[in-house]
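Engineer: Dropping a structure here in structure tokens format, bear with me for questions.
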Amino acid sequence: MRVTRTVEIAVIGAGVVGLATALRLASDGREVLLIDPNEPGSGASFGNAGTLAEYACMPVGNPAVLRALPKLLLDADSPFSLRWTALLHLAPWLLRFVRQSLPAATHANAVAMAGLLADSLPAWEEMAVEADATDLLRRNGCLYLYRRPGDLAGGASSRALRAEFGVDQAVLNPSEVAALEPNLPAVQGGGLFFPQSMNLTDPQTMMARLLKAAAGRGAALLRGEVTGLRADAGGVDLSGPGGLSLRAHKVVIATGAFSRPLAAQAGDRIPLETERGYHLEFATPAPVLTRPVCPVDLGFYMTPMAGRLRVAGTVELGRLASAPNPRRLALLDRGVRQFFPTLGQPSSKWLGFRPSLPDSRPVIGPSPGNANVIYAFGHGHLGLTLSAVTARLVGDLIAGRRPNSERLAPFAAGRF
Ligand SMILES: Cc1cc2nc3c(=O)[nH]c(=O)nc-3n(C[C@H](O)[C@H](O)[C@H](O)COP(=O)(O)OP(=O)(O)OC[C@H]3O[C@@H](n4cnc5c(N)ncnc54)[C@H](O)[C@@H]3O)c2cc1C
């Protein structure tokens with residue numbers, strides 16, 4: 001291979017995980033090259049619901065979802081749907097997902113996630129200071145809505161799990177919900193308030209600030225796609241279209257839902273698939289909510305962002321390459337109008353790809369076959385929340401700052 005350039009650390013993928021990692025490493029004085037063919041922060045990290053959901057330790061696969069799975073998957077309008085044309089492709093992932101939804105596996109996955117989530121907000125606070133972006137963090141909690149009487153009782157096992165890990169959560173009656181968010185129509189079931197939770201008022205602007213801060217500390221950006229990866233004892237050769245060719249001492253793979261083929265070239269078969277999700281945005285001259293609100297039965301968040309309301313969420317199991325599904329966007333549109341019937345036409349429509357493992361845990365840490373390849377992907381529903389803490393872990397690993405093997409064990413690539 002013709003190697004034209006050598007760098008200390010190449011971070012492949014400039015989503016929130018790659019950007020946070022590049023910033024961390026550059027702050028540590030490392031030479032960092034961030035590589036992405038697309039605008040930094042324009043993937044899943046662009047269109048999400050913006051919540052920093054430190055409370056979300058319940059894995060996606062859990063006994064309640066397992067019980068409801070046939071009904072959910074058969075209903076194209078459910079919050080957790082399947083594109084049937086992708087069934088054959090997804091079958092191995094779905095089988096693993098079912099196994100991970102059994103009680104013992106669910107609990108083990110929750111323990112692993114709670115450990116990461118406990119550090120997620122302090123890590124974000126620190127990163128926002130470094131990125132000169134504290135103005136984009138809103139510290140006003142997050143609200144789950146239970147619309148029908150009895151729905152709150154259905155969330156009892158999740159509440160018990162969160163209580164086990166010390167998550168700050170408060171059950172609200174319908175009038176307490178109304179006091180928190182007076183523009184919402186009355187709900188009968190009540191709410192659950194997470195007072196510590198934060199959110200981003202504009203994910204796109206945050207991504208730009210992270211990039212600027214990383215660049216300010218010396219990180220360089222290369223616009224290119226990495227398609228070839230070959231690791232040896234001394235480093236890693238990377239190649240791609242347009243003559244991309246370089247050697248790095250270490251490589252961080254942070255390519256989100258697109259990480260599988262790169263990991264395979266490092267010798268690791270990771271069962272990564274995507275949970276597709278959508279958003280709609282509506283211009284709102286005055287904010288209609290003061291914090292993210294999630295009607296739990298509908299599976300989306302309504303998040304007030306700068307000058308607009310973003311409605312983001314639901315899951316569509318399908319392939320990366322399938323076209324957007326207008327039916328899923330219509331579902332969000334109908335859903336949000338149950339709360340705000342006078343909204344105008346959406347100003348933005350978006351499909352994004354959550355990078356999802358069947359056990360809801362990301363892959364963080366070295367490739368078992370070559371410690372020069374480091375993984376930081378697969379954060380599923382929580383990539384925004386966990387980006388700063390992931391960056392810390394990768395930074396500590398590369399710097400050898402503290403023993404990480406125990407901390408990283410639940411996220412090891414070799415667990416599959
Ligand atoms: C509808 C929806 C709502 C969500 N809401 C939330 C939320 O409220 N809170 C939360 O914490 N998380 C949320 N998430 C999840 C979160 O957005 C993702 O987990 C997170 O953005 C993943 O970040 P990433 O950096 O791993 O991937 P991405 O942001 O997708 O970035 C990956 C980058 O890698 C680049 N890339 C891909 N292949 C290559 C290659 N071969 N070479 C070079 N570069 C490459 C891509 O161009 C892209 O820029 C949501 C997701 C969706 C879809």
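What follows is calculated from the coordinates using simple rules that are stated; it is not laboratory data. Note that the coordinates shown come from a computational prediction; the quantities given were computed from them, not determined experimentally. Glycine gets a Cβ as well: all are built from the backbone with ideal geometry, and neighbour counts include every protein chain shown.
Engineer: Does residue 366 satisfy the criteria of being more than 10 Å from the ligand (Cβ to nearest atom), under 30 Å from residue 99 (Cβ atoms) and part of a strand (DSSP E or B)?
Structural biologist: When the stated conditions are applied, residue 366 passes them.
Engineer: Working only within the range 180-200, note down all residues that are touching a residue at least 12 places away in the same chain (Cβ under 8 Å) and surrounded by fewer than 17 Cβ atoms within 10 Å (Cβ to Cβ).
Structural biologist: The answer is 183, 185, 186, 188, 195, 196.
Engineer: Return yes or no: is residue 347 in contact (Cβ under 8 Å) with a residue 40 or more places away in the chain, of a type in the set (Ser, Thr, Tyr) and more than 14 Å from the ligand (Cβ to nearest atom)?
Structural biologist: yes
Engineer: Sort out which residues of the range 353-386 are more than 13 Å from residue 116 (Cβ to Cβ) and of a type in the set (Val, Ile, Thr), and write them in order of number.
Structural biologist: 373, 374
Engineer: Let me ask something else. Output the residue which, of all residues in the range 2-54 that are among the charged types (D, E, K, R), away from the ligand (no atom under 13 Å from the Cβ) and in a loop (DSSP other than H, G, I, E, B), is farthest from residue 140 (Cα to Cα).
Structural biologist: Looking at residues that are among the charged types (D, E, K, R), away from the ligand (no atom under 13 Å from the Cβ) and in a loop (DSSP other than H, G, I, E, B), I get 2.
Engineer: Check off (1) in a strand (DSSP E or B); (2) in contact with a Phe, Trp or Tyr (Cβ under 8 Å, 6 or more places away or on another chain); (3) more than 10 Å from the ligand (Cβ to nearest atom) for residue 324 and give me the number that stays unchecked.
Structural biologist: (1)
Engineer: Is it true that some residue in the range 372-380 is assigned to a helix (DSSP H, G or I) and within 13 Å of the ligand (Cβ to nearest atom)?
Structural biologist: yes
Engineer: I would also like to ask the following. I need a count of the residues in the range 398-416 that are part of a helix (DSSP H, G or I) and closer than 16 Å to residue 115 by Cβ.
Structural biologist: 8
Engineer: When the residues of the range 390-416 are filtered to those that are β-branched (Val, Ile, Thr) and surrounded by 24 or more Cβ atoms within 10 Å (Cβ to Cβ), which remaining residue is farthest from the ligand (Cβ to nearest atom)?
Structural biologist: 394
Engineer: Taking the residues in the range 317-347 that are farther than 23 Å from residue 94 by Cα and among the hydroxyl-bearing types (Ser, Thr, Tyr) as candidates, determine which candidate is surrounded by the most Cβ atoms within 10 Å (Cβ to Cβ).
Structural biologist: Only one residue tops the list, namely 347.
Engineer: In this structure, does residue 123 turn out to be surrounded by 21 or more Cβ atoms within 10 Å (Cβ to Cβ) and under 29 Å from residue 203 (Cα atoms)?
Structural biologist: yes
Engineer: Another question, if that's okay. Going by the structure shown, is residue 205 within 11 Å of the ligand (Cβ to nearest atom), surrounded by fewer than 19 Cβ atoms within 10 Å (Cβ to Cβ) and β-branched (Val, Ile, Thr)?
Structural biologist: no
Engineer: Does the range 55-73 contain any residue that is in a helix (DSSP H, G or I), within 16 Å of the ligand (Cβ to nearest atom) and either farther than 14 Å from residue 361 by Cβ or in contact with a Gly (Cβ under 9 Å, 6 or more places away or on another chain) (or both)?
Structural biologist: no
Engineer: Hey, another quick one. Only one of these is more than 22 Å from the chain's Cα centre (by Cα), within 15 Å of the ligand (Cβ to nearest atom) and under 16 Å from residue 49 (Cα atoms): 289, 309, 298. Name it.
Structural biologist: The unique qualifying residue is 289.
Engineer: Quick check: anything in the range 91-110 crowded, with 16+ Cβ neighbours inside 10 Å and closer than 29 Å to residue 400 by Cβ?
Structural biologist: Within the range 91-110, one or more residues are crowded, with 16+ Cβ neighbours inside 10 Å and closer than 29 Å to residue 400 by Cβ.
Engineer: Looking only at the range 24-49, how many residues end up being surrounded by fewer than 24 Cβ atoms within 10 Å (Cβ to Cβ) and farther than 30 Å from residue 248 by Cα?
Structural biologist: Final tally of qualifying residues: 1.
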